[in-house]
Number of protein chains: 2
Amino acid sequence: MRKLTLLFAAIGFVMTAYGQSSVTSKEWGSNEYAGIWKLSVGTPEKINLLSELDITPKKEALEQMPESILPISRSDVKTELRDGKTYISFPLEKGEKIFGLGLHFKTVEQRGRIMRLHMDHYGENDNGRTHAPVPFFVSSRGYGVLINSARYIDVWVGTAVRKDSPNAPEEKDRNADPSWPAQPYSDNIEILVPATGVELLLFAGPTMLDAVRRYNLYNGGGTLPPRWGLGFWHRTPTLFSDRDVKDEVAEFEKRGFPLSVIGLEPGWHTKAYPCTYEWDKSRFPDAPGFVKEMLDKGIELNLWMNPYVSKHSEVYNRIKSYTGSHTVWSGEVPDYSMPEVQRIMTDHFRKHQVDMGVSGYKMDENDGYDSWLWPDVATFPSGIPAEQLRNLYGSLMQYATTKMYREQNKRTYGQVRAANAGTNSYPYVLYNDYYDHKGFITALINSSFIGVLWTPEVRSSKTSEEWLRRMQTVCFSPIAQLNAWADGTKPWTFPDVEKEIKEIALLRIQLIPYLYSVFADYAFYGTPPVRAMNLENGYAIEAETEQGKLDATENPYAMAIRREVKDQFMVGENILVAPLFTGQKERKVVLPQGKWYDFYTGKLAGEGEVITVKPTDSNIPVYVKDGGIIPLWPAMAKFTDRQYPLEVRHYGTKPGTFSLYDDDGSSYDYEKGAFTRIDLNVTVDKKGRKKGKAIVPKGKKVWSFSEYNFRFMTE
Amino acid sequence: MRKLTLLFAAIGFVMTAYGQSSVTSKEWGSNEYAGIWKLSVGTPEKINLLSELDITPKKEALEQMPESILPISRSDVKTELRDGKTYISFPLEKGEKIFGLGLHFKTVEQRGRIMRLHMDHYGENDNGRTHAPVPFFVSSRGYGVLINSARYIDVWVGTAVRKDSPNAPEEKDRNADPSWPAQPYSDNIEILVPATGVELLLFAGPTMLDAVRRYNLYNGGGTLPPRWGLGFWHRTPTLFSDRDVKDEVAEFEKRGFPLSVIGLEPGWHTKAYPCTYEWDKSRFPDAPGFVKEMLDKGIELNLWMNPYVSKHSEVYNRIKSYTGSHTVWSGEVPDYSMPEVQRIMTDHFRKHQVDMGVSGYKMDENDGYDSWLWPDVATFPSGIPAEQLRNLYGSLMQYATTKMYREQNKRTYGQVRAANAGTNSYPYVLYNDYYDHKGFITALINSSFIGVLWTPEVRSSKTSEEWLRRMQTVCFSPIAQLNAWADGTKPWTFPDVEKEIKEIALLRIQLIPYLYSVFADYAFYGTPPVRAMNLENGYAIEAETEQGKLDATENPYAMAIRREVKDQFMVGENILVAPLFTGQKERKVVLPQGKWYDFYTGKLAGEGEVITVKPTDSNIPVYVKDGGIIPLWPAMAKFTDRQYPLEVRHYGTKPGTFSLYDDDGSSYDYEKGAFTRIDLNVTVDKKGRKKGKAIVPKGKKVWSFSEYNFRFMTE
């Protein structure tokens, strides 16, 4: 059993930061935006993680953030050029926690870890080789740092012990002293960038969430998916024909399962691995007609591709002089860092898919997995070193395709295997082949520290229980998707849980107004939509460390074992999701400060405590904070661009308010002001009587809501 | 069941190489030694893998090797400086196999793998992070290459596909073509050295074994351990006192178990982790007396240490200005690349242990395991970059301590956690904490390609079967050791296999004359003592490749599965060992060309074929080649520096000859000629009658043998 310690004294650091000053700290030099500083070391390289992405910081939102200072001094940051590399050191305090530094699947807190941030398939080790090796960390002291280099960066997060440190740990004798630590105390983060210079970006808090928000806003804010993107997605088996897809869609309709997006896998191409990006006529004899038929049913199409170009593609002759020295699966590797390449490829996509209404792509295999990527010895026509291109490739593909859709004033939403710093405004969600359910949830949590989105997509399961548990969690994630490309599974594959899965899929649709507002907060304010508990105010659980036991084989250094909470997360401001995993009959849930209420019943679940829940029904535990408002659409399998009545649920006893976001759901007009924020208010009078009110600003258009029915969930 | 394909047409490459020319190939430029060429690319760094080790090539032995050419042309090797790195490419032919490139635990053939050669604890992936990341490979075409850089080198072994290659594979369509390969054919080894220059050393064959021998001889030849080093070793629990050790020794004597070396673990130090290198008086009140008492019993002492210096050590004040910027376990990190450091530390060892007769050390934790090593941002007083020092640290400790013993004209034999190119002449054997029995045997095999030694030491077991199987294999390895530092195990820990274990331990002692000669071949001729089947003439088994099956979770790319033989090995020229692993009731054994005989019975086992053996007794399968001679001492628990009668076993029907090596067993006088080679000859007349003869060169001293009793094992 896990023993958890709750600390509600919590945020002492923040208090200090507030206490010191309310002006920007001069010692860091001039800053472009309140609370953001650039620190240049040596001669930074021309190419960095952001240089190729044409990012515009969200100036207005940044200016609205509270001014803040950094909790560290300029002199705390040590830098040095040496042996052709740039060395950087940041201080760590006792008890300070570090988050971020890549999309990890096993750990949340990173202090004590050593990484090489290297774009790659996740290889089952949290060692920096991952689909989003973002060199951004956020400290519990309330600040964040981006090491803006596209090189492979080495980071020692609180493991290196300097002999000249005033905090150097006392020597202990392993022979005689049972408190001898396998990992002595380290008071620093040490970083090695293999280049003779680098730019650092520092983001002030005062809270961790503020630092993350500044980071996101600086990188252009988060993405706002088209409304359909928040519906239910289903990817069909790779060799499905249009007929097969239509049959599958009909089955969804017949059974009343929601379906917003059909994903087509490699078989839609005439040839794949490498790709032609052209419709296969034997499987899709009338692609435009097929796409139109789907769109008419309210179903968008998302098409799989990878970057590697087949000789059989019409685009081959145009692209071949802009490709790298090596092939992948015998396909040419376009140098996506070149504007020409971006234009040639997106012209081809436009001509063959986008112009006929295809809504987006799943961009596979731009991450690596080493064996099927170009090696780092490859050369590219632009002259970009392979190492930098590898860390940037997914970012560049996201950039190019987003731009293509933006030029059509159409929002896309898709999937990608590789992301890095600066991609948060691009409408792509990460996924991979690692299929550990717990690890998928840990990745969901970690995605919130580094400005990326992640989906724990469902593919197959050994049991109906696993199938249900996976479906229940994916429906609280950025893309609720079943990916049946290889297994041919369907939501109703396990008949004994068909009812429950239909329920959760319908709940996903009901949640769209809430989720859409949550994503608007990401786009406008940089607030991660699905996020770690550690980013919540009043959440201060300590990871438990257990003294290690000596075992010559399993634990020869008697390493301490750290257990941390990595199985619950927030969706927006009000919803706490506590997934269940196969075999789990009960679980602990850490409720942050304040009262929390059961999402389904409105009953009080607890108040700033660790509760043990034994779910009596087939739902996973979901909680709403006191005063929380959750706007819900009706449970419907299909939705279109029209108004629906809104159920406005209120939980708990406190008054509440919710800024309900609305726009046309598909264009970029919202960026020019074509959106409406409806204030949903619940007041509570002295006798505890609640009253709800929806305030639509005068003269503002409402796209999605016809009426506002308040429902007070808690008696 | 494994399906194996045997090819006896075998060595076509070698024929070609022989056929072309018998002179050195001019196109490679001048070569210092026949069959060895240096190729300088860019500006090689001052520090490389060999530069700090004071290595003298075995000139005479190199000159005795057949002249040979390289099977590749100079123009096949492509080099380029780019992005601050050195790029190198070697060609690969269809069917060519590549071995080496580090101490791997799971794979033998390396074609198809990607590695970063990086000194480290083995992390359960054959990705180049290992205790001996030696950048040396040997090709089945019959040549070897050393990339002589102490940097972290990236290697793509037949995975990178260049679009300009004449052998570029044909594009295939994964949608329609079942023969689509997850890894298309690659015709090269691509290498990236992160420095603007490097020296390459090329070693001609004609056979792989010849290339390995040239490599070993160039690096000073192999090590010749003192004779006692080939006995049985036992490491006692870490906090054992002299009394405890004496009791343990008495128990060995009482039970009649061989014992040549007692290893003491951290508890002999006053403080450890970091170390004082000084005897703890509470556990060892009279260290000199204790050491003497052991030596008088014919038991040598080997002492554990790691490189990190305690403040409580007498040596601290002398060493502290020669240490790195970081501490490990709060201990100072001596810069072993400095002659001053080598002198200060070995003076300390000499004063406190060596002068009183301690025979050697186990040098732990010089490999890394990342968390307990200095980070690559560390600085050292000599100015050596941390990256280079990390790859060299184990080599330098081996160098310094070997030199210390050499100055006393005394051979040592010990253990070390880190080795690299150029350490083959140092008397150290690698070990680690990974405890997979199969992996340990695979490492034993791989050690032979890269000039290092490995012991699959025994520590603990879950069952008596496992205990027996591990003991049976370690007794055919460079150090037959039980390491009870943490578990307190003894050879007789599992009573039901005590008899069998005593038998194999006694057989180990019997084998010493054979093993000592085998090691002499390593020292004099560079022939690896324990080696891969792949280095044998007439062994040409193909790894079996099985078409991969698509599984979205387990195998999304339908990767082919390669099965290779990695569970049998040669000890010297005549003995083939086929270990058994827990649970194995039968196994396949690949017998190379010619007839092979059962070691125990002398019966014919097979002839150039794959046999299936179901061991009927508790021995593991061991075979001797036709005409093979195995000289054996009597089965005795204790041996001293005196002569013993020799049983000279002959196997099979062919005549045989064996060069039995003998010297004083402990000094370096053999390097000045103080050794004797006794010719053991068995002739077979026309009627098949065998006659044995031992020829001692006139006037030559014999140290270890009193008589020569021939025994013809095969009727």
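The values are calculated or read from the model by the stated rules, or taken from the named source; none is laboratory data. All values reported here derive from a predicted model rather than from experimental measurement. Ideal geometry is used to build each Cβ from the backbone, glycine not excepted, and the neighbour counts take in all protein chains shown. The area values use the complete protein model at the heavy-atom level, side chains included, leaving out ligands, DNA and RNA. Shrake-Rupley method; radii C 1.70, N 1.55, O 1.52, S 1.80 Å.
A DSSP coil position with no more than 15 other Cβ atoms inside 10 Å describes the following trypsin sites (Lys or Arg not before Pro) in the stretch A:387-473: A:Lys462. The separation of the stretch B:233-305 from the stretch A:274-347, counted between C-alpha centres, amounts to 70 Å. Once both labels are positioned 7 Å from their Cα atoms along Cα-to-Cβ, the gap between A:His312 and A:Thr545 label points is 5.8 nm.
Extension gain for the segment B:Leu604 to B:Asp355, taken as residue separation times 0.36 nm less the Cα-Cα distance, is 84.5 nm to one decimal.
Think of it as helices only: each DSSP H run of n ≥ 4 in chain A is worth -39500 (n - 2.57), and spread over all residues that comes to -6000 deg cm²/dmol at 222 nm. Between the residues A:Thr346, A:Gly298, A:Ala386, the greatest Cα displacement towards the positive end of the dipole of the stretch A:227-512, with unit charges on the Cβ of Lys, Arg, Asp and Glu, is found for A:Gly298. Treating the Cα atoms of the stretch B:227-512 as identical point scatterers in vacuum, please give the log10 of the normalised Debye intensity I(q)/I(0) at q = 0.10, 0.16 Å⁻¹, two decimals. Ignoring solvent entirely, the Cα scatterers give -0.51, -1.31.
Per residue of peptide A:155-167, the mean number of Cβ atoms on other chains within 10 Å of the residue Cβ is 5. Our note on the geometry: Cα centres of the stretch A:640-697 and the stretch B:66-118, 65 Å apart. With N as its number of residues, the protein assembly as shown has a Cα radius of gyration that, divided by 2.2 N^0.38 Å, comes to 0.99. Here is how far apart the B:Ile695 label points are across copies: 11.1 nm, shortest first, using a point 7 Å from Cα toward Cβ. A Förster radius of 35 Å, combined with the Cβ-Cβ distance separating A:Leu81 from A:Glu124, puts the computed FRET efficiency at roughly 0.50. Using only the C-alpha atoms, the convex hull of the stretch B:226-380 corresponds to 118 Å³ per residue. For the peptides A:83-95, A:329-341, A:552-564, residues were scored by their other Cβ atoms within 10 Å and the scores averaged per peptide; the highest-first order is A:329-341, A:83-95, A:552-564. Counting only other chain Cβ atoms within 10 Å of each residue's Cβ, the peptide A:327-333 averages 6.
Extending 7 Å from the Cα toward the beta-carbon at both A:Asp641 and B:Glu293 defines two label points whose distance is 9.4 nm.
The accessible area of A:Thr79, taken with all protein chains in place and a 1.4 Å probe, comes to roughly 50 Å².
Using the Cβ-Cβ distance between A:Asn537 and B:Asp244 with R0 set to 45 Å, the FRET efficiency from 1/(1 + (r/R0)^6) comes to roughly 0.20. What is the Cα centroid distance between the stretch B:596-610 and the stretch B:443-510, reported in whole angstrom? Result: 24 Å between the Cα centres.
Inter-copy label distances at B:Gly123, shortest first and taken from points set 7 Å along Cα to Cβ: 0.7 nm. Annotation: B:Tyr522 carries an accessible surface of approximately 0 Å², with a 1.4 Å probe and no ligand, DNA or RNA atoms counted. Net length available on complete extension from A:Thr612 to A:Thr56 is 195.6 nm, with 0.36 nm assigned per residue and the Cα-Cα distance removed.
Per-residue mean of foreign Cβ neighbours for A:367-376 is 6 (Cβ atoms of other chains, 10 Å radius).
The calculated FRET efficiency for B:Arg689 paired with B:Tyr434, based on their beta-carbon distance and R0 = 51 Å, is about 0.50. Amide H to amide H, with H built 1.01 Å from N, A:Gly220 comes under 5 Å of A:Lys58, counting only residues 5 or more places away or on other chains. Ranked from largest to smallest solvent-accessible area, with a 1.4 Å probe on the protein heavy atoms, A:Lys693, A:Lys585 come out as A:Lys585, A:Lys693.
Placing a pseudo-label 7 Å from each Cα along the Cα-to-Cβ vector at A:Lys701 and A:Glu96 gives an inter-label distance of 5.0 nm. By a 1.4 Å probe calculation restricted to protein chains, A:Thr653 has an accessible surface near 70 Å², given to the nearest 10. For B:Val161, the residues whose modelled amide H falls within less than 5 Å of its own, excluding neighbours fewer than 5 places apart on the same chain, are A:Thr327.
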